[in-house]
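Everything on this sheet refers to the single structure shown next.
Bear in mind these aren't lab numbers, they're just calculated from the coordinates by the rules spelled out. The structure presented is a predicted model; accordingly, all values stated were derived computationally and were not measured. Cβ sites come from the backbone with ideal geometry, for glycine too, and all protein chains shown count toward neighbours.
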Amino acid sequence: MRMSEEKEEGGCLFCRIVSGEIPSKKVYEDANTFAFLDINPRNPGHTLVIPKKHYSTLFDMGEKDVGRLFESVKLVAEAVRKGSGADGLSLIQSNGKAAGQVVSHLHVHLIPRFMNEGPVSPEAILAPKKMPEQVLDKLASAIKDKMRPQRDSGEIKFDF
Ligand code: AMP
Ligand code: ZN
């Protein structure tokens, strides 16, 4: 059994970090959001921003709450970049096992990036695939078909 699975048995790991039951290197907190250093930093200053309320993935959260979360992401990202002296910063947010999500409490990785350290996403995650025009058209139309009204406003706004 992996470490993260063991910890999940006692309740959600990140919920326990928010409550203070499990210690963390907290860098930011407001009414809805909590941010702390990743315990296995991919680079110095690697920070996780999470909603205080438990949502497993982005798909479980309403648009307005996602908006609030990303306002905090922007705020924390600026501080992380300046505080770590990074040249750039990658945001990574994985939803579901297939995407590599290990801790099932929605989180956004803020990873400071430095010049000349190798490939940057998305090529670092998956190699680009050649897709014929027909396939692209099919995919675009399948995605548009699944576009539901915005949950919080009740309106669909398409610009095309
Ligand atoms: P993910 O693979 O996107 O689910 O990322 C989960 C992240 O949580 C990993 O980068 C872990 O290093 C990090 N992590 C796991 N446990 C802790 C902890 N107790 N404190 C801080 N970060 C943690
Ligand atoms: Zn949780």
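Arranged by the count of other C-beta atoms within 10 angstrom, fewest first, what order do M61, M131, M115 take?
Neighbour counts put them in this order, fewest first: M115, M131, M61.
Checking the table K74/K146; K26/K97; K25/K130; K52/K82; K52/K138; K53/K129 against a 31 Å threshold on Cα-Cα, which pairs fail?
K25/K130; K52/K138; K53/K129
Give the dimensionless ratio obtained when the Cα radius of gyration of the stretch 3-121 is divided by 2.2 N^0.38 Å.
So the stretch 3-121 has a normalised radius of gyration of 1.03.
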